[in-house]
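Reading through the structure tokens given below for one structure.
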Amino acid sequence: MDYAELVGFYNNLDRSYFIDNDMKGFASIDSPLPIGYGQTISQPSLVLQMTRLLNPDKSCKVLEIGTGSGYQTALLAEFSREVYTVERIKELAAKAKERLAGLGYTNVFLKIGDGSKGWPENAPYDRIMVTAAAGSIPTDLLDQLANGGRMIIPIGPESLQELQLISKDDGEIIIQPVGLVRFVEMKGKYGWSSSKNE
């Protein structure tokens, strides 16, 4: 990925397009904002950082867990061959699909479902972007990561998580911590506690 090209696209991507509530007026602030249903749109600088770390290119098939508003999805779609994105909340998924189509993306495939299970039918993936926090590394997603692939994911408890860049090299899993973050919970079997799992 050409970082200058990424920054240029990021600077021209109107974040307010991905917000349709009373938070729209705050779209230019570098902060997460609520988008309804207990979900947030991530702060722009973190979206940029996570995309840079994932380092997709036009040969990559990408899996995104947590479509949300579609903001992160747009960056992935711009720099990847295909993006398979999973969102559990059908209302958010419908709005994101409409926005992404409005931007002209034809390489995004969206499914409503449990993101903790990934999208095994289209595996393996060269890159996996996870925009919800897990209590532990989801083995389902690791299994769907191609050899030589990269996954970026927040891991840790509700209060604070460690953003991890995970690589797979000939079956060996390499974990690189890249900072502290706070994301909404990944629902399903990798959530913060079994009592909160769906």
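See the values below:
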item: Boolean, L142 is more than 17 Å from G68 (Cα to Cα) and either among the aliphatic types (A, V, I, L, M) or out of contact with any strand residue (DSSP E or B) (no Cβ under 9 Å at 6 or more places or on another chain) (or both); result: yes
item: Odd one out for S193 among (1) under 23 Å from P56 (Cα atoms); (2) open to solvent by 30 Å² or more (accessible area, probe 1.4 Å); (3) among the polar types (S, T, N, Q); (4) modelled with pLDDT under 95; result: (1)
item: Any pair with Cβ under 6 angstrom, 6 or more apart, that starts in the range 8-20 at a residue that is free of Cβ contacts under 8 Å to residues at least 24 places away in the same chain and ends at one that is in a loop (DSSP other than H, G, I, E, B); result: S16/A27
item: Residue satisfying condition, being free of Cβ contacts under 8 Å to residues at least 40 places away in the same chain and of a type outside the set (A, V, I, L, M), within set N107, N122, N55; result: N107
item: Residue count for the range 38-67, restricted to those that are under 10 Å from the mean Cα position of the chain (by Cα) and open to solvent by 10 Å² or more (accessible area, probe 1.4 Å); result: 2
item: Of the criteria (1) under 14 Å from the mean Cα position of the chain (by Cα); (2) not in a loop (DSSP other than H, G, I, E, B), which one V7 fails; result: (1)
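The values are calculated or read from the model by the stated rules, or taken from the named source; none is laboratory data. Please read all numbers here as calculations on a predicted model, not as lab measurements. Methodologically, a virtual Cβ is constructed for each residue, glycine included, from the backbone with ideal geometry; neighbour enumeration extends over all protein chains shown. Remember, those area values only see protein heavy atoms, side chains included, never the ligands or the DNA or RNA. Shrake-Rupley method; radii C 1.70, N 1.55, O 1.52, S 1.80 Å.
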